[in-house]
Amino acid sequence: MAVILQSLPHESGLTKIEYEGPRIALYSKNPSYLMQNSQLVSNMVNTIKKRIVIRTDESIRRPQDESAKIISETIPKEVGVAGTLFDAVLGEAVVFAKKPWMLAQVGEDFDNIELAEKTGWKVRVRKAPQNMVPIEALYKILGETVSERTKFYREVGDKIFRDKLSDSAEASLMTLGGFAEVGRSCMLLTTPESKVLLDCGLNPSARSSLAAMPRFDVAGIGMEEIDAVVLSHAHMDHTGFLPVLFKYGYGGPVYCTEPTLLLMSMLQKEYTRRSGEAALYSEKDIDSTVTHTITLTHGIVTDISPDVKLVLSNSGHILGSTSAHLHIGNGDHNIVYTGDMKFGKTIALENASWNFPRVETMIIESTYGGKEDIMCSREEAEARLASSISKTISAGGHVLVPVPVVGISQEIILVLDRFMKGVQARVLVEKAISEATAVYEAYPEFLSKEMRQRVLESETSQFGSQFSIVESESLKSGEPAVILAPSSMLVGGPSVSYLKQIAGDPRNRLIMLSYQAVDTPGRAIQDGTRQITIKGETMNLQCQVERMDGFGSHSDYNQAMEYVKRLRPKLRRVLVNHGERTKAQNLASSINKFFKIQTQHPLVQEAIKLL
């Protein structure tokens, strides 16, 4: 506080200094002064080694309706403002524009500082997606919880920036789920000052409830003892159990990227709708999760407890997915949890980041960790997919591609966009996938360089704008179609109803691109079963069934090995998780053999001393 007060002149208009979770917020009646003299803030950050953000004082903020009108009148009409959404806690107005690239061309006619002075809000500009509904739903929750979030941010800051109680350097990890298995990813990192959860997933296809949920019963902690939750990405096997924590008393922060927050809440709400009374939590618990989530960008060092710093970096798996780099104590130990990771560039996403300054322990996934798990090239995979679809359509059949709501679905939309334009068949995309794709459009900074440019510089959607958005449509004989529908493992959802429609005709084709977990109908079909029972209904599959590699959103065996090989300085220890037991064992054995690194493949309910 003293450093900040001494550094700022009277012209800064400073009114108060508050904790904003892991950040220190400076509230000002003259924010333009601080925005124009950014070096002042940079110098303070370098001195106190904490993140500082500039916020406008509430007294100068004009009403939201009035501010939206000023913004609309100030920004040129040709930019196409689709809407302005407000976050009163952060004092931000987020403008969604159809042509955001034009704002860089209008020079002095558009100026964030000028808009801050006119409205009293800090203005951010985002690309407007074709569908604003998911984003508007999120901001509605944020708007209804202003006082709770303000109080929450201050309490989090108090806990993070308190004095340390101990100088001892220790760290241990307890595996609560997702080790020697795929599903319910969750682990507890414990230091003398902190208890941090890494992911908190669910395995809905597990045979028992004990195998479906993280093993908090063996962790020996109450919800109030957890200091923070760090999420790698939005998929339910990594976030699906999180609202249960809030249902039973957790009130601390959740850290993830902004796209992860949006996609996670969409998937959790889809789960409650699908599960009905059997759901483990309600929409109220999901909303509580949203209000306790603090979003971070890639590459920013953030204090999340008195002795743990966090940096998120791209993991290449889905939009907003991250590897978490955790720095413990005063440089005592560095851990990287890769989360689900793709060490190979795709159309939508860049390669997973690997250039960490220091790592002693790495926790790496092994979904495709078997020696046999070597994928064909993308060119080969795309050619094979195009050929299969063309043959089926020529024969007058339908093609069903079961995909997850987020991830492979958006990648396949981009692939289909390349070769379906001249093909006489509809592409049907289920509504849930379309809503997730809207998040991809709104956050182009998380996309690959090429896709980022395409999304930012085009008014029309780059994700299959000519495709049909449907909800469990009835297929018509003689009207060939390609259908993208969840769930990817055929455990439920629209993909099952489409499978019923195509199952009896040999002209139709089921193409399986995604990972199929143990004990799922998709896995049984992949392994050769042609009589399958789903939700009590038995189907005889007379349609053609084809499995295709090459589109996976996880690293294959070669990519995982290459990733470990790249890391400098050399790792001291590797823990292998997120893979069937034989896959985890094989990857662990290979890493140890080829790189001479101490490697373990723990089971669930193990405690591992890291430091």
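Summary table below
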item: The chain - mean residue ellipticity at 222 nm from DSSP helices (-39,500 (n - 2.57) per run, n ≥ 4, rounded to 500); result: -9500 deg cm²/dmol
item: For the stretch 378-547, average projected area of the Cα convex hull in nm²; result: 9.8
item: Rounded, prolate or oblate (a/c below 1.5 giving rounded, otherwise prolate when a/b exceeds b/c) for the stretch 401-493 by Cα gyration tensor; result: oblate
item: Using distinct alpha-carbon pairs, which all enter the 1/r mean, Kirkwood radius of the stretch 37-104 in Å; result: 14.2
item: Taking Met223, Met561, Met213, Met187 and counting other C-beta atoms within 10 Å, the order from fewest to most; result: Met223, Met561, Met213, Met187
item: Fraction of antiparallel bridges per DSSP, the chain only, in percent to nearest 5; result: 50
item: Dimensions (Å) - the stretch 64-143, Cα atoms, principal axes, largest first; result: 35, 28, 17
item: Cross-link partners of Lys500 among lysines (Cα-Cα below 22 Å; sequence separation of 8 or more within a chain); result: Lys391, Lys431, Lys476, Lys535
item: The stretch 143-202: C-alpha gyration tensor shape, a/c 1.5 cut-off, then a/b vs b/c; result: oblate
item: Using alpha-carbon coordinates, inclination of helix 258-275 to the longest axis of the chain, degrees; result: 50
item: Estimated inter-spin distance, Glu225 and Lys164, nm [label 7 Å along Cα→Cβ]; result: 2.2
item: The stretch 1-118: antiparallel DSSP beta bridges as a percent of all, rounded to 5; result: 65
item: Residue order, fewest to most beta carbons within 10 Å, for Met264, Met35, Met1; result: Met1, Met35, Met264
item: Dipole of the chain, positive direction: furthest Cα of Ile413, Leu138, Ile591, with charges on the beta-carbon; result: Ile591
item: Under 22 Å from Lys77, Cα to Cα: lysines that are on another chain or at least 8 residues apart; result: Lys69, Lys98, Lys99, Lys118, Lys122, Lys127
item: Karplus 3J(HN,Hα) series, Hz, for the stretch 119-134 with 6.51 cos²θ - 1.76 cosθ + 1.60 (x for Gly, Pro); result: 10, x, 10, 6, 9, 10, 10, 10, 5, 7, x, 5, 10, 8, 4, x
item: Positive-end residue of Leu326, Trp121, Leu85, charge dipole of the chain with Cβ unit charges; result: Leu326
item: Among the listed pairs Lys247/Lys609; Lys164/Lys609; Lys49/Lys164; Lys345/Lys570; Lys16/Lys159, those beyond 28 Å (Cα-Cα); result: Lys247/Lys609
item: Electrostatic dipole magnitude of the stretch 378-547 [Cβ: Lys, Arg +1; Asp, Glu -1; Cα centre; debye, to 20]; result: 480
item: Positive dipole terminus of the chain, leading residue within Pro243, Ala383, Asn351 (C-beta point charges); result: Ala383
item: Charge dipole (debye, nearest 20) of the stretch 64-143; +1 at Cβ of Lys and Arg, -1 at Cβ of Asp and Glu; result: 380
item: All-pairs Cα distance distribution in the stretch 2-60, expressed in whole percent, bin size 5 Å; result: 4, 20, 34, 29, 11, 2
item: Length-normalised contact order of the chain in % [C-alpha pairs under 8 Å, at least 6 apart]; result: 14
item: Residues Thr47, Thr460, Thr295, Thr338 arranged by fewest to most Cβ contacts within 10 Å; result: Thr460, Thr47, Thr295, Thr338
item: Debye, to nearest 20: dipole size of the chain, +1 on Lys, Arg Cβ, -1 on Asp, Glu Cβ; result: 1120
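Throughout, read-outs are computed from the coordinates displayed, never taken from laboratory work. The structure displayed is predicted, hence computed values, not measured ones. No Cβ is skipped: glycine too gets one built from the backbone with ideal geometry, and neighbour counts run over all protein chains shown.
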